[in-house]
1. Search the range 24-41 for residues being free of Cβ contacts under 8 Å to residues at least 40 places away in the same chain and part of a strand (DSSP E or B), and hand back the single one that is surrounded by the fewest Cβ atoms within 10 Å (Cβ to Cβ).
2. Before we move on, is VAL171 in contact (Cβ under 8 Å) with a residue 12 or more places away in the chain, outside any loop (DSSP other than H, G, I, E, B) and buried (at least 18 other Cβ atoms within 10 Å of the Cβ)?
3. Restricting to the range 254-266, name every residue that is in a helix (DSSP H, G or I) and under 13 Å from ILE238 (Cα atoms).
4. Only residues in the range 133-161 that are at negative phi and in a helix (DSSP H, G or I) count as the first member; pair them with residues that are loosely packed, with under 15 Cβ neighbours inside 10 Å and modelled with pLDDT under 95, Cβ under 8 angstrom, at least 6 apart or cross-chain, and list the lot.
5. Criterion first (touching a residue at least 24 places away in the same chain (Cβ under 8 Å), in contact with a Gly (Cβ under 9 Å, 6 or more places away or on another chain), over 29 Å from ALA31 (Cα atoms) and among the hydroxyl-bearing types (Ser, Thr, Tyr)) does THR232 satisfy it?
6. Just wondering, is there one or more residues in the range 71-91 that are touching a Gly at 6+ places or on another chain (Cβ under 8 Å), of a type outside the set (D, E, K, R) and either touching a residue at least 40 places away in the same chain (Cβ under 8 Å) or in a helix (DSSP H, G or I) (or both)?
Amino acid sequence: MPPVRLAVIADIHGNADALRAVLADARAQGAERVLVNGDVVNRGPDSVEALSLLLSRDDVTFTLGNHDDLVRLWHGRSDTLPGDWFTDPFWGATDWTATELSRAGLLEVPADWPMTRTLEAPGLPSVLVAHGTPADYRESLSERTDPRRVAELAGGAGVLVGSHIHRPAQVERGGVLVLNTGAAGTPMDGDPRTQYLLLTATPGGWVPELRRVPYDRSGVLRRFETSGLLSTGVSAEIFRDEVLTARSLYTPYWVWTEQGGLPRDAATWAAFRQGVEG
């Protein structure tokens, strides 16, 4: 059997510079296909550019991520989202991204993306790929996932691949190889290099490699300002700082304000950052 090598990338989050770095490295490593495992858009300033770049290629397939879905639901004022979000300035960055994608005619592209993809190679166990898990694109998959849950999710597949948590992972649970791609555009484990999974089918089995690729972040950080995204408010500032620090800030800030019954605004964000840095 000739080697079959593909790149699985995810959580690009509107960072075109990180995406180009991953695609260049994947090509240099001999990847024949690219599977984009969700969250191409939102958070960063380059959602239109990143999605357009991927759609221009004939070697790319997609699964649906929660942010790909969110911007569509947001733009359509879906009743599946809390109604008060639509009048809350905190959601300015999401509104900006949805508007940009709509103007470019790209907003509805992810509507056809499946929740999962299954990869097959002769004589090898199947590989089941989903942004979060096959059950929910917001469910985490990592070395912390209970082995019983891994078995439920795998459903007979020998390899289970997720993304969403913005850090890479590799572990075997009950005969199932569990992999997480990490994040291409917004790593959150303290290492700013872009992350992705290189997966090779060989006669001896599936061989994973969790790769990290350095790139220049100055361009995307500058575009937060020049694109107009940063002027939309607090959430855009948080997203910018996550790229800058390679740390998760949005989720802990959300939990902190929720627990304290606090508004999500510039004052509480400044207080939260002071606590994190202090």
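The values are calculated or read from the model by the stated rules, or taken from the named source; none is laboratory data. Note that the structure is a prediction, hence the values are computed from the model and not measured. Cβ coordinates were reconstructed from backbone atoms using ideal geometry, including for glycine residues, and neighbour counts include every protein chain displayed.
1. That would be ARG33.
2. no
3. Within the range 254-266, TRP254, ALA266 meet the criteria.
4. Filtered contacts from the range 133-161: PRO147/GLY174; VAL150/GLY174; ALA151/GLY174.
5. Yes, satisfied.
6. Taking every residue of the range 71-91 in turn, at least one turns out to be touching a Gly at 6+ places or on another chain (Cβ under 8 Å), of a type outside the set (D, E, K, R) and either touching a residue at least 40 places away in the same chain (Cβ under 8 Å) or in a helix (DSSP H, G or I) (or both).
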